[in-house]
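J.: Take this structure, written in C-alpha cells, and hold onto it; I'll ask about it next.
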Amino acid sequence: MNYLWGGMILVGVVYAAMTGNLGAVTDQALASAKEAVSLCLTMTGAMAFWVGLMKIAEKGGMVNRAASAMGPILRFLFPSVPENSTAGRYMATNMVSNFLGLGWAATPAGISAMKELKRLQKMSNQATDAMCDFLIINISSLQLIPVNIIAYRSQYGAVSPAAIVGPAIIATSISTLAAVIFIKLRQAFGRVEK
Amino acid sequence: MNLILYLSEAVIPILVLLIVGNGLMHRQHVYEDFLEGAKSGIRTAVEIMPTLIGLMAAVGILRASGFLDFISGWLGKVMAATGFPTELIPVAVVKMFSSSAATGLLLDIYKTHGADSMLGRAASVMLSSTETIFYTMSVYFMSVKVKKTRYTLPGALFATTAGIVASVFLVWKT
C-alpha cells in the first residue's frame, strides 16, 4: 500500500513537472482532499444508518439466516474462513449487498468483514489469503442491475435505457468468473501461507 | 424498464421494513440496537476519513498531472492493433481510480456519440461490470492497517480486464 500510494504521488508530481501542470496539481490535490471530507460526511450518515439496521437484523437472526444460505458459496470461495464466523457473516452481507447494487450497504459490511478477518490472523501488516480472495471477488463486482447507469442512460435519451442490463449481467458474470478462477488456481498452486 | 427502476427504488425501503418488522416481532429493543450499530458505523466512517483524504488527493494529483491521459494514450496505441475502441480506454483506466470521474467520461461519451451508440452502450456495460480497484483496495486494506496486499492487485486487474474485454465484445457482437 505504501508503494502504491507513494508511487501515485511521485508519478503525478514528476509527470506534472514535466508537462507544466504543477499549478493544476496543487489545486486538484486540495480540492480532492476537500471532496474526500464531504464524501466522508455523507457516508457517515449512510454508514451509521445502515450499520444500525444491520445490528437489528443481526440480533433478530436475519443476518445468520442470510449467511447460512450463503454458506456453501463462502466455503467454496474462502476455505480458510471458519464456518459461522462473524467474518463470514459480514462477507455474506457485503456480497449480497453488492449483488443487489446497494453500494452504501456493502462498504460498511465489507470493512467490518476485513476487521474480523484481521482478528482471525496473527500477522499484523500482511493480508491473509482470505482478505486477498475476498477483495478480488469484491472488486470483480457481481451486480444484478446497474441502476445508476440505467438512470444516466434515460437522462441522456436512450431509446431503451435498460437494454444494457443483459450484456451487463453477462460481462459482470465473466469478470467474477475470472476472479473465481484466479483465486481457485492460486489456492491450488500458490505457496502455502507462512 | 419502468418495473426495473421501480423495483430498484423499492429494494431499500422494503429491506428496512423487513429488518425493523422482524426485530419488532422478536420483541427486540430495535431502537437501542439501532443506536448501538449506528455508533460503530460512525466510528468506522471517521476512521476511514484519513484514508479517503490521502487516497483522493493522490488520485487528484495523478489526474491533474495528465498522467492518466498519458497512460490512456499509450494504451490506446497498443490496443488499436487489437481493434479495441480507443475512445473507451480513458473510461477503463479512470474507472480503476475514481467512479465519479469515470461517470463524467461516460456522460461525455453519451453527449458526443449518443447513449445508444456502440460506444455509449459498451461504456455503460463496462462501468457496470467493473469496480474502482485502487479506491476499494485502499479503503478496505487501510481500514485494517494492512500494508502487504500480496496478490490482490494482480487478481483484481485480471478480473477487471476480463470484464472490460467482455463488455466490448458483447456490445460489438450484438
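The values are calculated or read from the model by the stated rules, or taken from the named source; none is laboratory data. In this text the structure is predicted, and so the values were computed from the model without any measurement. Glycine gets a Cβ as well: all are built from the backbone with ideal geometry, and neighbour counts include every protein chain shown. Remember, those area values only see protein heavy atoms, side chains included, never the ligands or the DNA or RNA. Shrake-Rupley method; radii C 1.70, N 1.55, O 1.52, S 1.80 Å.
J.: Kindly state which helices (runs of 4 or more DSSP H) lie completely within the stretch B:1-115 and contain at least 3 residues that are under 30 Å from A:Arg65 (Cα atoms).
T.: B:2-25, B:30-64
J.: May I ask you to list pairs of residues, at least six apart or on different chains, whose Cβ atoms are under 6 Å apart, with the first in the stretch A:58-86 being over 18 Å from A:Gly110 (Cβ atoms) and the second being of a type outside the set (Asp, Glu)?
T.: Within 6 Å, the pairs are A:Lys59/B:Gln28; A:Gly60/B:Asn22; A:Gly60/B:Gly23; A:Gly60/B:His26; A:Gly60/B:Gln28; A:Met62/B:Asn22.
J.: Let me ask you something else. Determine which member of the set A:Gly12, A:Gly110, A:Gly45, A:Gly61 is out of contact with any Asp or Glu (no Cβ under 7 Å at 6 or more places or on another chain), within 27 Å of B:Tyr31 (Cβ to Cβ), within 9 Å of chain B (Cβ to nearest Cβ) and surrounded by 15 or more Cβ atoms within 10 Å (Cβ to Cβ).
T.: That would be A:Gly110, the only listed residue that is out of contact with any Asp or Glu (no Cβ under 7 Å at 6 or more places or on another chain), within 27 Å of B:Tyr31 (Cβ to Cβ), within 9 Å of chain B (Cβ to nearest Cβ) and surrounded by 15 or more Cβ atoms within 10 Å (Cβ to Cβ).
J.: Test A:Ser38 against the stated conditions and say whether it is free of Cβ contacts under 8 Å to residues at least 40 places away in the same chain, more than 7 Å from every other protein chain (Cβ to nearest Cβ) and either surrounded by fewer than 17 Cβ atoms within 10 Å (Cβ to Cβ) or of a type in the set (Gly, Ala, Ser) (or both).
T.: yes
J.: Filtering the stretch B:4-56 down to residues that are within 30 Å of A:Leu10 (Cβ to Cβ) and of a type in the set (A, V, I, L, M, F, W, C), which residue is most open to solvent (accessible area, probe 1.4 Å)?
T.: My answer is B:Val46.
J.: Follow-up question, since we're still on this one. Considering only residues of the stretch A:132-157 that are more than 7 Å from every other protein chain (Cβ to nearest Cβ) and crowded, with 24+ Cβ neighbours inside 10 Å, which is nearest to A:Ala109 (Cα to Cα)?
T.: A:Phe134
J.: Then there's this: Looking at (1) in a loop (DSSP other than H, G, I, E, B); (2) of a type in the set (Ser, Thr, Tyr); (3) in contact with a Phe, Trp or Tyr (Cβ under 6 Å, 6 or more places away or on another chain), which one does A:Ser112 not meet, given that it meets all the others?
T.: Among (1) in a loop (DSSP other than H, G, I, E, B); (2) of a type in the set (Ser, Thr, Tyr); (3) in contact with a Phe, Trp or Tyr (Cβ under 6 Å, 6 or more places away or on another chain), the lone unmet condition for A:Ser112 is (1).
J.: Here's another thing I want to ask about it. So, A:Ile73, is that one more than 10 Å from chain B (Cβ to nearest Cβ) and either of a type in the set (Ser, Thr, Tyr) or more than 21 Å from B:Pro154 (Cα to Cα) (or both) or not?
T.: So A:Ile73 fits the description; yes.
J.: Report every pair of residues separated by at least 6 positions or lying on different chains whose Cβ atoms are under 6 Å apart, first residue within the stretch B:50-79 and farther than 30 Å from A:Thr42 by Cα, second open to solvent by 50 Å² or more (accessible area, probe 1.4 Å).
T.: B:Gly76/B:Thr86
J.: Consider the stretch B:130-143. How many of its residues are closer than 21 Å to B:Val93 by Cα, open to solvent by less than 60 Å² (accessible area, probe 1.4 Å) and not in a loop (DSSP other than H, G, I, E, B)?
T.: 7
J.: Scan the stretch B:149-165 for residues that are open to solvent by 10 Å² or more (accessible area, probe 1.4 Å) and farther than 19 Å from A:Asp129 by Cα and report the count.
T.: Of the residues in that region, 4 qualify.
J.: Let me ask something additional. Quick one: which of B:Val125, B:Val146 is in contact (Cβ under 8 Å) with a residue 24 or more places away in the chain, facing chain A (nearest Cβ under 7 Å) and crowded, with 21+ Cβ neighbours inside 10 Å?
T.: None of the others qualify; the one that does is B:Val125.
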